[in-house]
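No lab work stands behind these numbers, since they all come straight from the coordinates. The structure displayed is predicted, hence computed values, not measured ones. As a convention, Cβ positions derive from the backbone with ideal geometry for all residues, glycine included, and neighbour counts pool all protein chains shown.
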Amino acid sequence: MVACFKWQLIVCVVFLAQALAASAPQEPRPQDSKPQEPLRSIAEMKRRGLTASVDLGAELKMSVKKTSNGYVDQPATFEVAIHNIGTETTLADASLLIKFTNGLGTEDYGLRFGAVSPNEKRTVSFEYKPLLPSLHVEVCEGIWDDNSTGWTQARTSARFYIPYDPKIPLHDLLPARRQPAQQLTQLPANLSDVPEVSFADPLAKGSKAPEGQFHVASALEKIKYVNQKKTDAYMELLLSRRADLAGLPFLRGDACRTKGESRQQFAATTKMIRDIQRRRAFDVRAHFADFSDSGQMTEVVNILAEKRTIPSAIQVAALWQMITPESAGNRLELVKHLHRNVSDAEGTRALAKLAIYSEEEQIRSTAFLALMTRRDQDYTDILVSALSYPWPDVAERASATIAKLGRTDLAPRLQEVLKKPDPRLPQTRLVDGKKKTFVRELVRINHLRNCMLCHAPAPVGEPTPVERAGETNRLASRRRTSSSSLVERAGEIQQAESTGEVPIPGSAITRYYGESNRDLLVRFDVTYLRQDFSAPLAVADADQWPSMQRYDFVVRTREINEAEAATWRKLLPADAASPYHRAARMALASLSRTERSAPE
């Protein structure tokens, strides 16, 4: 839809309070060019002690109209909030000079706001039709010099509001996505070969930040619009129209939502981790692989070790989501933390996952040693289900872990593996009385590009960090004792800290989970899709984004036709050569030796 939007609109507002000469009887129209002699007006305003603080709010209102290329935009509404912070009433002809700049040049717009009493606040609105909907706001502030008795600050924020025509077919609001032909020619040899699924097609290479911002904001608005009448309606619509997504393990309703006190605790924990991550550089070359890079987790561990009031299930959920994609050093520290400080079932299950999903032998072996001290029943189901995981490496690690733990009680499960075909082979079953063929396969999802695939948009009216600044400062000023817990702070943080900003295509990522624009926020407390594991992979043509990016991996059950089923059967080895059977035989042999050597 956004392919036709290729212009950049930069809105730069400069506060130039102007006092027009009393001898000028003609009242200027808002569309007039820049006010007369603005610098002389500034001097006059300063001389009289007239200052003001200005907020420019830009709200993009779209009455969508269908064209051959999709839906196009209509005029933007701008609201300028005037707050007189001076000692006298501003002049009757006081105005703003607003500069609009795009690829075709610059246009000056003179906006009169008139007399405003000291400490009075006034909002002045005007309409401006940009050439294209791409909108970027550049902040210009501090036009007074340091010797002035007053100062003026021009802060700007962009707001997107799209009132859709109720007659629009809802499926027209789904993201543009080419249906890739599933032409399997060989089995994936490594994680970078695994098929990739996406919420939408990426923007064209070389797209600028304004276009990326509009691309993200408009997609979030569409989701909110469809969800007005029914919770998760957009996700249901998306899955009904997208065969490539329909077989993914999506959660909906209460199953994908964290509520009540758990929600507040999750918000507090993720905020703590997020704040630590924000203090560190995002795009470090060794960020994902270096065992020496354990700084983030070291800080997290020191805090969590003292905050015992957060339930382990909440801690583990936050750590799995935010730390497992980090460097090898941080993940190794995570294993140690779980071993030392999280002794219940949730910590045990996380250790089992790290033992079978981690690529690094050091992390797997450390997790295995930790599992030796845990109760068998807390992690058995994870190892057993992994025996048929459609990525052979995971199944092989699960078999090896069962053998090293001496779990002779699981020998029957390993024997079942030998009796069944390779779990990657197509399977036929009856669906509504018809035979259909399905295949289970591992797929990958680029974490930075698919926030809207896994999370719901933040509610309308979610405050931005700037709007929360006053409250944040107030909370920070409170005296806190060393015994104050994250639970106590969770009630103060509330929903606002359960959000993160969707990365903007074409714009560099400078911090973790930014929150500069409320139109670009998604909710962490609503998660439709949870990864089995994550791994960093190199991305070609990363443009402004890191060259190594996080990918989340899940299992998809996809319907295939007979021709593709035949290809799968041809590519997969016979049972005797199947890596699943080979791993099961090796594990059974090891368990047999263990059983024979056990004392009677």
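Annotations for the structure displayed:
- Each peptide among 249-259, 389-399 gets the average number of other Cβ atoms lying within 10 Å of its residues, and from highest to lowest they stand as 389-399, 249-259.
- Contour minus Cα-Cα distance for Thr380 and Glu562 (0.36 nm per residue): 61.9 nm
- Fully extended contour minus Cα-Cα distance, from Ala345 to Lys436, at 0.36 nm per residue: 28.9 nm
- Full extension of the chain between Lys570 and Lys205 gives 127.7 nm of extra length, using 0.36 nm per residue less the Cα-Cα distance.
- At an R0 of 35 angstrom, the distance between the Cβ atoms of Arg530 and Asp172 translates into a FRET efficiency of 0.75.
- Within region 306-361, the GluC sites (Glu not before Pro) that combine a DSSP coil assignment with at most 12 other C-beta atoms in a 10 angstrom radius are Glu306.
- With neighbour counts taken as other beta-carbon atoms within 10 Å, the residues Ile98, Ile509, Ile276, Ile402 rank, fewest first, as Ile509, Ile276, Ile98, Ile402.
- Translational diffusion coefficient (Stokes-Einstein; Kirkwood radius from C-alpha pairs) of region 392-453 at 10 °C, 1.306 mPa s, in µm²/s: 105 µm²/s
- Taking packing as the residue-averaged number of other Cβ atoms within 10 angstrom, the listed peptides 365-372, 501-508 run from highest to lowest as 501-508, 365-372.
- Listed values for region 236-253 are Karplus-derived 3J(HN,Hα) couplings in whole Hz (6.51 cos²θ - 1.76 cosθ + 1.60, θ = phi - 60°), namely 4, 5, 4, 5, 6, 10, 10, 5, 5, 9, 4, x, 7, x, 6, 10, 9, x, and x replaces Gly and Pro.
- Within region 535-596: Cβ-based charge dipole about Cα centre, in debye rounded to nearest 20 (Lys, Arg +1; Asp, Glu -1): 500 debye
- Taking other C-beta atoms within 10 angstrom as a stand-in for reagent exposure, Tyr234, Tyr225 fall in the order Tyr225, Tyr234, fewest first.
- Among the trypsin sites (Lys or Arg not before Pro) found in region 178-242, those both in a DSSP coil and sparsely packed, with 11 or fewer other Cβ atoms within 10 Å of their Cβ, are Arg178, Lys205, Lys229, Lys230.
- Label zone at Ser592 (point 7 Å along Cα-to-Cβ), backbone N below 20 Å, region 401-429: 401-420
- Distance (nanometres) between label positions extended 7 Å along Cα→Cβ at Asp393 and Thr373: 2.8 nm
- Glu79, Glu299 arranged by Cβ crowding within 10 Å, fewest neighbours leading: Glu79, Glu299
- Spin-label pair Ile303/Gln228, simplified geometry with 7 Å Cα→Cβ offset, distance in nm: 3.9 nm
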